[in-house]
Amino acid sequence: MDNSRRLKGRSNLPRRKVIEEQLLIGVCEEINKGNFNQISMPNSENAHELVSNLENGIYRVEQIAGFGDIYIQKPDTKTERDFNVWLIVDHTNYIGWRPEHPEIFEAFWWLINEYPELQSEIFNAFRSVIVGYKEPDEILQEKSELKNLTVQLSGKPARKFNISLAPFEYLLKAEKWLAIEEDANYPPPKKLGRRYPYACLILLNSKDFTPKEVTTVFLRAFQWRRK
């Protein structure tokens with residue numbers, strides 16, 4: 001089925017949501033045809049450079065048993081180095097979304113309030129992925145108490161697909177690729193890169209700032225350092 005037919009009757013959707021849905025349909029249709037490559041890329045300081053050297057296309061980069069797969073898609077439109085990060089739950093039924101930092105921040109906030117006894121371990125897991133360049137699977141093998149955590153989701157997963165729960169593994173693997181994307185768009189050391197989401201998580205971990213405050217006021221405050 002072509003995109004125009006699938007989107008028929010949704011002309012009242014905001015333009016951004018229509019574009020998002022078109023992108024999702026396009027990615028899923030390519031996956032349905034088998035038009036993607038499987039790659040394994042270490043979490044490293046130069047991962048964003050390795051991604052920039054990949055040919056345009058769709059790449060499966062992470063698998064989350066019983067939940068979904070993470071893909072990256074080149075090119076995107078933000079910068080010539082940018083790429084889309086997708087979590088695809090069911091490509092045959094077009095169920096998936098682009099993970100974003102506000103979603104990650106909300107989930108992190110929920111976790112540290114729901115499991116205060118694990119707050120240090122949860123924060124350290126994110127820190128290890130973002131600025132320690134550690135692989136999520138390695139962290140989860142070492143911390144079985146985190147591997148078994150289930151996190152509450154908000155935003156697009158809950159509103160559009162009624163997916164309100166996810167394994168903690170999803171957050172770490174999504175954040176790995178969002179951090180690489182930040183490095184691609186705002187390459188360090190001149191720009192913040194992945195230190196931007198890390199700084200936001202530090203603020204959230206203090207419990208002095210809510211996710212809404214971090215994603216509005218502090219996003220604007222950090223913006224000058226990201227340009």
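Bear in mind these aren't lab numbers, they're just calculated from the coordinates by the rules spelled out. Not measured: the values here are computed from a predicted model. Virtual Cβ from ideal backbone geometry, glycine too; neighbours counted across all protein chains shown.
Farthest towards the positive end of the charge dipole of the chain, among the residues Ala199, Ala166, Gln22, is the Cα of Gln22, using unit charges on the Cβ of Lys, Arg, Asp and Glu.
Compute the acute angle (0 to 90°) between the alpha-carbon long axis of helix 101-114 and the principal axis of greatest extent of the alpha-carbon atoms of the chain; round to the nearest 10°. The helix 101-114 is inclined about 50 degrees to the chain. Using θ = phi - 60° in the Karplus curve 6.51 cos²θ - 1.76 cosθ + 1.60, the 3J(HN,Hα) couplings for the stretch 208-215 round to 8, 9, 8, x, 4, 5, 5, 7 Hz; x is entered for Gly and Pro.
You can think of it this way: the chain between Glu114 and Arg220 has 35.3 nm of extra reach, that is 0.36 nm per residue less the Cα-Cα gap.
What translational diffusion coefficient, in µm²/s and rounded to a whole number, does the Stokes-Einstein relation yield for the chain at 20 °C and a viscosity of 1.002 mPa s, taking the hydrodynamic radius as the Kirkwood radius over Cα pairs? Estimated via Stokes-Einstein, D reaches 118 µm²/s. Helix 119-130: angle to the longest alpha-carbon principal axis of the chain, degrees 0 to 90, nearest 10? Between helix and principal axis, roughly 60 degrees. Structure remark: mean-square fluctuation, Gaussian network model of the chain, C-alpha springs under 10 Å; the largest value among Ala125, Ala184, Ala65 belongs to Ala65.
Dipole size of the chain about its Cα centre, with +1 on Lys/Arg Cβ and -1 on Asp/Glu Cβ: approximately 1040 debye, rounded to the nearest 20. Taking a ≥ b ≥ c as the square roots of the Cα gyration tensor eigenvalues, the stretch 126-227 comes out oblate, since a/c reaches at least 1.5 and a/b does not exceed b/c. Taking Gln119, Gln141, Gln152 in turn, the Gaussian network model of the chain (Cα-Cα springs below 10 Å) assigns the largest fluctuation to Gln141. Maximal additional length on extending the Val131-Lys212 stretch stands at 26.8 nm, based on 0.36 nm per residue less the C-alpha distance. Projecting the Cα atoms of Val217, Leu54, Phe36 onto the dipole axis of the chain, where Lys and Arg carry +1 and Asp and Glu carry -1 at the beta carbon, places Val217 farthest toward the positive end. GNM remark for the chain: springs join alpha carbons under 10 Å apart, and the peak mean-square fluctuation among Gly132, Gly66, Gly96 falls on Gly66. What angle, in degrees between 0 and 90 and rounded to the nearest 10, separates the Cα long axis of helix 15-32 from the longest principal axis of the Cα atoms of the chain? Approximately 80 degrees, to the nearest 10. Helix-only arithmetic for the chain: the sum of -39500 (n - 2.57) across DSSP H runs with n ≥ 4, divided by the residue total, places the mean residue ellipticity at 222 nm at -14000 deg cm²/dmol. Residues in the stretch 65-74 carry Karplus couplings, in order, of 4, x, 10, x, 10, 9, 10, 10, 10, 10 Hz; the curve used is 6.51 cos²θ - 1.76 cosθ + 1.60 with θ = phi - 60°, and Gly or Pro positions show x. If only the Cβ of Lys and Arg carry +1 and only the Cβ of Asp and Glu carry -1, the dipole of the stretch 101-226 around its Cα centre is close to 660 debye.
The mean sequence distance of close C-alpha pairs (under 8 Å, at least 6 residues apart), as a share of the length of the chain, puts its relative contact order at 17 percent. I'd like the FRET efficiency for Asp90 and Ile202, computed as 1/(1 + (r/R0)^6) with the beta carbon distance as r and R0 of 45 Å, rounded to 0.05. Here the calculated transfer efficiency is 0.80.
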